[in-house]
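Any read-out appearing in this document is the output of simple, stated calculations on the displayed coordinates, not a laboratory observation. The structure displayed is predicted, hence computed values, not measured ones. Here the Cβ positions follow ideal geometry from the backbone for every residue, glycine too, while neighbour counts run over all protein chains shown.
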Amino acid sequence: MRKNQAKSSNNIFPIKVDKLKKQMESRFENNPDLVFTIYEHQKKKIAVFYIGYLVEPEMVHNYLLKPLLTSDKTWANPDILNDIPLSTGKTKEKLQDILQNILIGEVFIYVEGEPAAVSFILSKKEKRNLTQAETESLVQGPKVAFTESIAINMNIVRWNIHSTDLVLEKIMIGERAPREVRLIYLKSIANETDVNTMRQRLKDLEIDQLEDSSVLMQYIEDSSQTIFPQFYSSELPDRFAYTVTRGRIGVLVENSPTAILAPSTFFSFFESTEDLYMRWNAGTFLRYLRFIAIIISVLLTPLYVAATTFHYEIIPTQELITIGESRAIVPFPPIFEALLLEFIIELLREAGARLPTKIGQTIGIVGGIVIGTAAVQAGITSNFLIILVALSALASFTTPNYMMGTAIRIIRFPMIILAGTLGMIGMMFGVCFLIIHLLKLSSLGRPYLSPVYPFRWEDLNKTLYRLPNSRQNKRFASYRPKDLIRYSKRKASKRKDIDE
Amino acid sequence: MALLVLTACVPTKIIEKVAIINSYGIDAAEEGQIEKTIIAFRFDDEAQNIATTLSGTANTVRGAEEDAANKTSFTLKPGQIRLVVYGKEIAENGISPYINVLVRDARVSSMMYTAISTGTAKEVLTAGQENTPANIGQYLQDLIEKEIKQNTIPDVSFFHFTHALEDTGQDPILPLLGIRDNKAALIGMAVMDNGKYAGEISLKDAFLVNLFQKNIRDKPLEVSISKEPFSDYIEGQLQTDDEQLHISTLITDGRTRTKMTDVGGLEFQTEVNLKVNLYETSEPMRIRDEKAARLLEKEMEKKITKQYEQLLASLKETGSDPFGLGNIYRIKKESGKLTEQEWDEKFPEVTVDFKVNVQLVNYGSVR
């Protein structure tokens, strides 16, 4: 195949129309979709060929065939380009070009004897309408999500960032079935090193084909061993615009409704654009809530396991009686009990995600009520643990990024095992291991835990908490954007009266 | 990581497999041995009550525990001990030998309480258990804790107790538990001398000790004073034949300051400043003017001074110094050193000049 392609990259024109037809048909063997029509007009043979379902038939008829066949001109390539009322005309000489472009819905016209074929883009693309974001839903703020069409996505991005500074570099990825990827950044702000790194990673990628942006992310991430995502994947255009205008880089992939945002810090996975739309104090509260939620999600069940297996001393006496009484009926050690229950919760979540929405809701109720209460009555688990497990599952879903949420849910399992075998000491081992691991990670070469490590005081108000906008007039300094200041603090805080 | 793998399994203490000691009592047994009565939680789904009572006899506290453990299928574990009761007989001979087992064990909370019982500890713990719906150890602990929170008695948690016990210039006091109406109750405070039971004081006196030691806020106080001076203010007919006028007040702010006026002569001076609100009088009284209020203040001052003096006199007899006068003496003393023995000899000779100053802030209006 590759050899054939190499051969076909030579100019094949001029060629007899019949011969061209044969060649094309041989390429599309067993493929009845190629429309190859030969017209005789003014004693000249004109071939028009395209793939039936990839083009708008009405457009082809009205704007191409009608002028072509009704006029009494003797067509040559310049005439076609001038007189056909379509603006996308181009000449193509190489067979390889023709084959590639016919597959994305171009219509080719070849007048026998001419040195090239002329193509027009009349592609028809089936696409879904813009819908609300589903994995990252917001209460307040823009609701629209990216779709599978890169043209629509770029349209949305442009509408979000009206700037000539915005660069949308086109990179094709995939050897066998190339796919369009766009590298998007603001020229005057984005750090050049970051842009170059990203561009190089994209260009150096030699793969057969690209399935989705999340797959691309795995190909180009700094470390593929870790469970933590290093790039933020978002389906929200407002988040995309927010990140790009702060000097980071976005990547859009054709046919993928999620964009990649890089570089990202660990903390950015717990930020939601809603924090910005809320007032700053509410935003800070929500952000803290999410940080507490991770701690609960990772450590609450392990703490229960450690306390009931090793450290009954730390339980307050009243609580001890409650826990002890509910534990008395359970025949398993706490570690097994906790793993079982966490497993059930994961099962429910997975089933809920896979099933159609309507059945999914039913499963939620069945899981919550039937399995929950029945498990206690059957003596498989204690009441107390059900609350803890439900709480930590709930907490893990507060993470705005689904990938990060999943990562956090998974690290809970080794944590439980550590807590059940080594108690609190084991949990500390686990936490230390996690922190060391996070410290070693990087995102596009930038430290994953910045601005906490390496510490940067002026960046904390963009990660750990939020301040009024007049105090947040700088971009994220850890990523060294070309232009650090977003706006003048003095101008922003100055109030102009109406009569001034 | 290799180290983690190489270590063997850590012994587990799953809560439903162990009996967690909640409280225990120490009594004297025959031949110099001690009897330990343990109330422990065990989480057995077949048992009605989670609290179980065990007892064992041996020469040491731990030995007695081993003995008691032979009578149950659960492993006995400390770590949640909330109350330790010493029988009077044991306490009279000194509880120090039985304290060190608690001090040594890191699993023992320093927030627990130690107490002395009027009879045997077993009596308090078992009789109480039968008549208290909740677990008796928990009940007694809550009781003591409540009294401390309400400032009725000084803080006697294990931490403060051991501190006072080791301190040469101060002697600890402990709650005295007894049976009242077939129920375990706090009936007074036991004063200690050199780790031995030396005598008891009433809860009223315990409050005076507490007031001496720290600032008090929002504590109700009942005082009985002579009715005579108030005959002008009492309205209408006398309601009772009682010669005492009982008044109930709320101390909104109580402070004491003690200084040594004469180091050689062991003379102390204690200022007690009380700001009180009048709540209730046993006779309907009209406090029309300042004069009546001042009179009331004066009578209260007299009464409280008398109470303090009586308390000090009885403490001198027992030889126990819960006030911590010895510490003040040690600070003032030139060498700055004081031995337990030295203070034992000197304590009966101290004189304290109590200056009580009551200020009636609000007395409400009677119309």
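Among the GluC sites (Glu not before Pro) in the range B:325-362, those placed in a DSSP loop whose Cβ has at most 13 other Cβ atoms within 10 Å are B:Glu334. Amide H to amide H distances under 5 Å link B:Leu221 with B:Thr249, B:Leu250, B:Ile251, where only residues 5 or more positions off or on other chains count and H is placed in the peptide plane.
Placing a pseudo-label 7 Å from each Cα along the Cα-to-Cβ vector at A:Phe455 and A:Ser137 gives an inter-label distance of 4.1 nm.
For the range A:190-206, the Karplus equation 6.51 cos²θ - 1.76 cosθ + 1.60, evaluated at θ = phi - 60°, returns couplings of 4, 5, 5, 4, 4, 4, 4, 4, 5, 4, 5, 4, 5, 6, 6, 6, 10 Hz by residue, with Gly and Pro reported as x.
On the beta carbon distance between A:Asp79 and A:Thr37, with R0 = 22 Å, the FRET formula returns roughly 0.70.
Among the residues of A:330-337, the average count of other protein chain beta-carbon atoms within 10 Å of the residue beta-carbon is 2.
Other residues with beta-carbon under 15 Å from the beta-carbon of B:Pro78 carry, at +1 per Lys or Arg and -1 per Asp or Glu, a net charge of +4. Computed about the Cα centre, the dipole magnitude for the protein assembly as shown is approximately 5300 debye when only Lys and Arg (+1) and Asp and Glu (-1) carry charge, each at its Cβ. When you filter the trypsin sites (Lys or Arg not before Pro) in the range A:251-329 for DSSP loop state and at most 15 other Cβ atoms inside 10 Å of their Cβ, you are left with A:Arg279. Too long at a 28 Å Cα-Cα cut-off: which of B:Lys36/B:Lys346; B:Lys17/B:Lys122; B:Lys219/B:Lys298; B:Lys146/B:Lys196? Check vs 28 Å cut-off fails for B:Lys36/B:Lys346. Given a Förster distance of 60 Å, report the FRET efficiency between B:Val101 and A:Ser214 from their Cβ-Cβ distance, rounded to the nearest 0.05. Plugging the Cβ-Cβ distance into 1/(1 + (r/R0)^6) gives 0.45. Once the Cα atoms are used to define both axes, helix A:17-27 deviates from the longest principal axis of chain A by about 20 degrees. Take each residue of peptide B:107-113, count the partner chain Cβ atoms within 10 Å of its Cβ, and average: the result is 1.
Sparse packing (at most 10 other Cβ atoms within 10 Å of the Cβ) combined with a DSSP loop state is found for the following trypsin sites (Lys or Arg not before Pro) in the range A:79-155: A:Arg128. Between B:Pro284, B:Pro11, B:Pro154, the GNM of chain B built on Cα springs shorter than 10 angstrom shows B:Pro11 fluctuating the most. In plain terms, the bigger the Kirkwood radius, the slower the diffusion; for the range A:218-277, with that radius from Cα pairs, at 4 °C and 1.567 mPa s, Stokes-Einstein puts D at 106 µm²/s. Taking a ≥ b ≥ c as the square roots of the Cα gyration tensor eigenvalues, with a/c under 1.5 meaning rounded and otherwise prolate when a/b beats b/c, else oblate, which class fits the range A:297-427? Since a/c reaches 1.5 but b/c is at least a/b, the shape of the range A:297-427 is classed as oblate.
Using the Cβ of B:Ile216 as centre and a radius below 11 Å, the other residues enclosed give a net charge of +3, where K and R count +1 and D and E count -1.
Taking each DSSP H run with n ≥ 4 as -39500 (n - 2.57) and averaging over every residue of the protein assembly as shown yields -12000 deg cm²/dmol at 222 nm. When the Gaussian network model of chain B links Cα atoms closer than 10 Å, the mean-square fluctuations of B:Ile247, B:Ile81, B:Ile187 top out at B:Ile247.
Less than 5 angstrom separates the built amide H of B:Gly188 from those of B:Leu176, all sequence-distant by 5 or more or on a different chain. Remark: the A:Gln225-A:Arg480 segment gains 89.1 nm on full extension, using 0.36 nm per residue and subtracting the alpha carbon distance. Rounding to the nearest 10 and keeping the result within 0 to 90°, find how far the Cα-based axis of helix A:334-354 lies from the longest principal axis of chain A. Approximately 30 degrees, to the nearest 10.
Applied to the range A:288-293, the Karplus parametrisation 6.51 cos²θ - 1.76 cosθ + 1.60 on θ = phi - 60° returns per-residue 3J(HN,Hα) values of 4, 4, 5, 5, 4, 4 Hz, with x for Gly and Pro.
Rounded, prolate or oblate for chain B? Axes are the square roots of the Cα gyration tensor eigenvalues, ordered a ≥ b ≥ c, and the cut-off for rounded is a/c under 1.5. Cα axes put chain B in the prolate bin.
The mean count of C-beta atoms from other chains within 10 Å of the C-beta of residues in B:77-86, rounded to a whole number, is 2.
Is any residue of the range A:78-106 close enough, with backbone N under 18 Å, to a label point placed 7 angstrom from the Cα of A:Lys44 along the Cα-Cβ axis, and if so, which? Hits in the range A:78-106 for A:Lys44 at 18 Å: A:78-86, A:89-93.
Proximity of backbone amide H atoms, modeled 1.01 Å from N, is registered between B:Val85 and B:Tyr24, B:Gly25, B:Ile26, B:Ala115 at under 5 Å, excluding neighbours fewer than 5 places apart on the same chain. Set the Förster distance to 30 Å, then compute FRET efficiency between B:Lys149 and B:Gln310 from the Cβ-Cβ distance, nearest 0.05. FRET efficiency, B:Lys149 to B:Gln310: 0.65. Where in the range B:6-47 is the amide nitrogen less than 13 Å from a point lying 7 Å along the Cα-to-Cβ axis of B:Thr57? Under cut-off, by backbone N: B:27-37. Computed from backbone phi with θ = phi - 60° and the Karplus coefficients 6.51, -1.76 and 1.60, the 3J(HN,Hα) list for the range A:464-469 is 7, 8, 10, 10, x, 4 Hz; x is used for glycine and proline. Rounded if a/c is under 1.5, else prolate if a/b beats b/c, else oblate: with a ≥ b ≥ c from the C-alpha gyration tensor eigenvalues square-rooted, which is the range A:169-265? Rounded.
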